[in-house]
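Laboratory data are not the source of any read-out in this text; all were calculated from the coordinates shown. The structure displayed is predicted, hence computed values, not measured ones. Glycine also receives a Cβ, built like all others from the backbone with ideal geometry; neighbour counts cover every protein chain displayed.
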Amino acid sequence: MMKSEQMPEEVKGGHWFFEMLTRLAPKPEDVVVTGTPEEMIAEAAKKAFWISTSLGAVPGPLGLATILPEISAVTKTQIGLVYKIAKYHHKLETLNQSIILLIFANALGLAVGNQLVRRIGVRLVVKALSAPIIERISQRIGLQIAAKITQRIAGRWLVFVAAPIFGIFSRKMTQKIGREASALFAGILEIEAAHPCPTDHQSLSGANFCPACGTALNDRQNEVYDL
């Protein structure tokens, strides 16, 4: 059996998810709605299944080399699904890194929701996050996924048994992500305004001064989306 130390370094550190989050996001003009949320979830889940099953069928050392491409392809499919569902609900303009992190964290069962959103009545207020916080939460998500990938390393030597299992996991994860996205965008979202100061520090809505350097900030209103 292979050891987790043989996992690609890019995956093991957990930072890969932040890099993919910034690199794999589609351009808004390239997002095409291909059906209802349920239909798009089923389509993406099927695609994720075949990506993991086909790449998971490569045995031995060559199979280990396919782990990162598999994760990249599946994650790109999942992020694309979130964008499609956002556009279906006419909320593509609300989609930011905080929302994507929330969707993936909920699908993985990570309790980071209080860092990303707060509920006010029927509204969900998406918090403005600084880059270090986004990167830290991204790393937690990446590490959680990496923990599941550890099981795949041994499976690269038992491909006929393990490959379909990898495919089923990717399909179920994609379904969870799609359902989380659909439930979120079906509600009322309020985007908390960030206040960048001249040195690019971030503060929350309602703050009069930058907490990092004390610079006075111009007030901005939160943006509410219920389309």
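Going by how many other Cβ atoms sit within 10 Å of their own, how do Arg179, Arg119 line up, fewest first?
Arg119, Arg179
At 0.36 nm per residue, minus the direct Cα-Cα distance, what do Thr36 and Ala111 gain on full extension? Give it in nm, one decimal, please.
Extending this stretch completely gives an extra 24.1 nm.
With a 10 Å Cβ neighbour count serving as the proxy for reagent exposure, in which order, fewest first, do Ile99, Ile85, Ile120, Ile133 appear? Can you show the working numbers first?
Working: Ile99 22, Ile85 30, Ile120 10, Ile133 16.
Placing the least packed residue first, the sequence is Ile120, Ile133, Ile99, Ile85.
For Met173, Met20, what ranking results if the residue with the fewest other Cβ atoms within 10 Å of its Cβ goes first?
Details: Met173 21, Met20 18.
Ascending Cβ contact count within 10 Å gives the list Met20, Met173.
Using a 7 Å offset from the Cα along the Cα-to-Cβ direction at both Ala183 and Ser54, what is the distance between the two label points in nm, to one decimal?
Here the answer is 3.2 nm between the modelled labels.
What does the net charge come to around Ser138 if you take all other residues with beta carbon closer than 13 Å to its beta carbon, with K and R at +1 and D and E at -1?
Neighbour charge sum, excluding Ser138 itself: +1.
Kindly identify segment 69-144 as rounded, prolate or oblate by the Cα gyration tensor criterion: order the square roots of the eigenvalues as a ≥ b ≥ c, call it rounded if a/c is under 1.5, otherwise compare a/b with b/c, prolate if a/b is larger, else oblate.
Oblate, because a/c is 1.5 or more while a/b does not exceed b/c.
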